[in-house]
Amino acid sequence: WPATTPNTAGQPTCRRDTGCMLRLNTPTQRAPEGASCWICLGEDPDEKGGRLLRNCSCRGEASGFAHVSCLAQCTAKKLEQSPKLGRFKCLNCNQPYGGDLALAVATGRLDIYKRKQMPKANPAYLSTLLDIGICSISSQERSQGKYVYQEALDIVRSNPMLPYSDAVEVNALKGMGTILGNTEEGVKCLKMAHAHAKRIGAHGTVGEIEQMLRLCERGRYDVFSSDEMRQSLKDSIKSNGKDGETSYKARLLLAKTLGDEGKVEEALSVARSALDGARRTLGPEHSVTEGLHRLTFNLSSLQDWPKSAHEVHLISDNPDLNNKSAAVVRLAKGGSGKYVVSFKGNGEDKRFKANISQFRLSVGTPVVCLGLVNATHLNDKQGYVMSFNEERERYEISFADFSLGKCLVRPHNLKIII
């Protein structure tokens, strides 16, 4: 788990109010013109200036948007009615909110409970504290996470007869250990969490904590092998189900680890299988689905690319050169836009200058789009050649930022990255 990022000011960096500012490091979308909050039906910012946001899989250009303050009010009421609700899900598409939006909603909910002077031992209050802790870790607001986990521990320790005190203590100690990392205090928190989890029979949590402790003993708390990631996936499926968000995250990490170990085919198989399930269960716009999509593309490129990503096939009236393999060496000097191409024939290495239209790029060649008129947002964007459309005489380019999709581009609007 990542090292703790100190907060120099000593205070939570996310303000504790329903108008909390978001850093938007997750795929949270801003509302288009004409969109309205599905809770209050208002189109303007709320009274604290909070704009409409969406971080779910709701279909439709303007559907699923809401104010953070409205979401906080809605979830506060629902959590009081059902303490087992846990992290809030979109009522329309049933996808859990994540990242900074989930953190903002949870902190807004806590602010509402404090204004109502809700007893701190209330299940809704404690559940909200744990939600903030989980979201603060993923959003790198670790000082805030440490603060709320300590508050949850203080509450259950001063009220030991609560029926849910053991479960809260296990989760708070595990979260605190995650934040503190491989330190003496962090290991102590994990060992305490392990003992409590074992006593109450939380077997999935026991397995996760044991793995974290093993990594601490080796001094490798941020490096995982594929075998360790497989075990983590099994533990996650056992405790969260095969279609749980955490289980798909574990599949993503397993595929990444296999790729890092050079097991590209196995990694691609895991990533493709997980991507199909994530699209169906979490939705196409979920951050885990996006991560699986990007990883699948990268792994497919590694598998399909030729030995040299700059290998080309010549187009020439000369039959000795036409459709022969060559290699792009560099961009020619003088600003002509031509490339120096190397062709090995009859035991000789012949080099000559050629325009990009005088050869065919191979699949996987990295390129940058330039001079586009009807799709100016794609200019200067990096992508990869996927195929050549003979009928339209354009390359199909898939962009590194997969949210840009694919596009057919004329050869003269491409620059090879060398």
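The values are calculated or read from the model by the stated rules, or taken from the named source; none is laboratory data. This structure is a prediction, so every number in the text was calculated from the model and none was measured. In this analysis, Cβ positions are derived from the backbone assuming ideal geometry, glycine residues included, and neighbour counts consider all displayed protein chains. The area values use the complete protein model at the heavy-atom level, side chains included, leaving out ligands, DNA and RNA. Shrake-Rupley method; radii C 1.70, N 1.55, O 1.52, S 1.80 Å.
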Only helices (runs of 4 or more DSSP H) wholly contained in region 152-223 count here; list those with 2 or more residues that are open to solvent by 40 Å² or more (accessible area, probe 1.4 Å) and at pLDDT 85 or above. 165-180, 184-200
Anything in region 69-85 that is in contact with a Gly (Cβ under 9 Å, 6 or more places away or on another chain) and open to solvent by 10 Å² or more (accessible area, probe 1.4 Å)? List them, or say none. S69, C70, Q73
Residue among L299, L292 that is under 30 Å from K406 (Cβ atoms), at pLDDT 80 or above and either open to solvent by less than 40 Å² (accessible area, probe 1.4 Å) or charged (D, E, K, R) (or both): L292
Tally time: how many residues in region 248-269 are within 30 Å of G60 (Cα to Cα) and either surrounded by fewer than 17 Cβ atoms within 10 Å (Cβ to Cβ) or not charged (D, E, K, R) (or both)? 3
Do we have any residue at all in region 311-323 that's modelled with pLDDT of 80 or more, of a type in the set (V, I, T) and surrounded by 17 or more Cβ atoms within 10 Å (Cβ to Cβ)? no
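Could you please let me know if A152 is among the aliphatic types (A, V, I, L, M) and closer than 20 Å to S236 by Cα?
When the stated conditions are applied, A152 does not pass them.
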If a residue must be within 41 Å of the chain's Cα centre (by Cα), open to solvent by 20 Å² or more (accessible area, probe 1.4 Å) and at pLDDT below 85, how many such residues does region 343-365 contain? 1
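From L52, L71, L110, L130, which residue is modelled with pLDDT of 75 or more and touching a strand residue (DSSP E or B) at 6+ places or on another chain (Cβ under 7 Å)?
On the way: L71 fails: touching a strand residue (DSSP E or B) at 6+ places or on another chain (Cβ under 7 Å); L110 fails: touching a strand residue (DSSP E or B) at 6+ places or on another chain (Cβ under 7 Å); L130 fails: touching a strand residue (DSSP E or B) at 6+ places or on another chain (Cβ under 7 Å).
Being modelled with pLDDT of 75 or more and touching a strand residue (DSSP E or B) at 6+ places or on another chain (Cβ under 7 Å) holds for just one of L52, L71, L110, L130, which is L52.
Taking the residues in region 366-386 that are among the β-branched types (V, I, T) and within 16 Å of G337 (Cβ to Cβ) as candidates, determine which candidate is most open to solvent (accessible area, probe 1.4 Å).
V368
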Pair list, Cβ under 6 Å, 6 or more apart: region 36-54 residue open to solvent by 70 Å² or more (accessible area, probe 1.4 Å), other residue among the polar types (S, T, N, Q): E43/S36
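Would you please name the residue that is most open to solvent (accessible area, probe 1.4 Å), looking only at residues in region 387-418 that are assigned to a loop (DSSP other than H, G, I, E, B) and modelled with pLDDT of 80 or more?
Filtering region 387-418 for residues that are assigned to a loop (DSSP other than H, G, I, E, B) and modelled with pLDDT of 80 or more, the one most open to solvent (accessible area, probe 1.4 Å) comes out as E391.
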In this structure, does G283 turn out to be open to solvent by less than 30 Å² (accessible area, probe 1.4 Å) and at pLDDT below 85? yes
